[in-house]
Amino acid sequence: MAETMPRRRLFSSLGSVARSACVPEGPAPVPTLEQHAAQRLTFGPRPGDVEAIETAGYANWLDEQLDPDSIDDSALAPYLAAVPNSTLGENWATLYDRRNASWPIPVQPLYDVEHATWQRILHSERQLYERIVNFWHEHFSIFGGQYIIRSLFPKWDETIRARSPPATGGIAPAAVPADGPGPGRRAARRGRRR
């Protein structure tokens, strides 16, 4: 019969093996400013991104990223055009009418926005702008799976994109237009009553 090792001794020995494997040989290499910028101000460096920052110079690259309208992002257009069954250009009324349709018509706008977001993350040259838009999407926390929101999500995405000025890092007042359905309309009505 084989001798069994007590669990405590087994886990203790496994822990020491794991610790020895994780201890670095020396100090961790310090990333350059360009590597740090590519890691923090984009969605992660793509091939050639660090070299592009080095070539342009950090200050020039950052100034360009803070003015996204000056960046030629025409290479992104074919990827956005490839979004299947795209609802991204539909108006408020058409999107709103989708809410009671049979599955998957009500959620298609949400899927289209997710697909377009991934295309922007992967292929856009306006990486800092896309990070800021993503930040505002996360911090306003609109759950796309809700009954009405899922069909109107492309308009929510348009609103965030239109009101995310990268130079200030802030969002313009009245994040949701008062003329469309949703919380902005109710807030506008409440403001008129007071």
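Go through (1) crowded, with 17+ Cβ neighbours inside 10 Å; (2) at pLDDT 65 or above; (3) part of a loop (DSSP other than H, G, I, E, B) and name the single condition ILE171 misses.
(2)
Looking at THR94, THR117, which one is among the hydroxyl-bearing types (Ser, Thr, Tyr) and closer than 22 Å to PRO45 by Cα?
The conditions single out THR117.
Need at least 1 residues that are at pLDDT below 90 and over 20 Å from the mean Cα position of the chain (by Cα) per element, so show me which helices (runs of 4 or more DSSP H) inside segment 7-112 make the cut, counting only ones lying wholly within it. Steps first, answer last, please.
Numbers: elements: 7-22, 33-40, 49-56, 58-65, 77-81, 92-97.
Helices (runs of 4 or more DSSP H) meeting the threshold: 7-22, 92-97.
For segment 118-135, name all the residues that are free of Cβ contacts under 8 Å to residues at least 40 places away in the same chain and either in contact with a Lys or Arg (Cβ under 8 Å, 6 or more places away or on another chain) or within 19 Å of GLY89 (Cβ to Cβ) (or both).
TRP118, VAL133
Based on this model, can you work out whether GLU3 counts as among the acidic types (Asp, Glu), over 21 Å from the mean Cα position of the chain (by Cα), modelled with pLDDT of 85 or more and at negative phi? Lay out the reasoning, then the answer.
Values: among the acidic types (Asp, Glu): yes; over 21 Å from the mean Cα position of the chain (by Cα): yes; modelled with pLDDT of 85 or more: no; at negative phi: yes.
For GLU3, the condition - among the acidic types (Asp, Glu), over 21 Å from the mean Cα position of the chain (by Cα), modelled with pLDDT of 85 or more and at negative phi - is not met.
So, of the residues in segment 113-130 that are closer than 16 Å to LEU152 by Cβ and among the aliphatic types (A, V, I, L, M), which turns out to be modelled with the lowest pLDDT?
Ranking the candidates gives VAL113 first.
Tell me which residues, restricted to segment 91-124, are of a type in the set (Asp, Glu) and surrounded by 18 or more Cβ atoms within 10 Å (Cβ to Cβ).
Step one: of segment 91-124, the residues of a type in the set (Asp, Glu) are 97, 112, 114.
The one that is of a type in the set (Asp, Glu) and surrounded by 18 or more Cβ atoms within 10 Å (Cβ to Cβ): ASP112.
The values are calculated or read from the model by the stated rules, or taken from the named source; none is laboratory data. Bear in mind that the values here come from a model prediction, so they are computed numbers and not experimental data. When we count neighbours, we look across all protein chains shown, and the Cβ atoms used for this are built from the backbone with ideal geometry, even at glycine.
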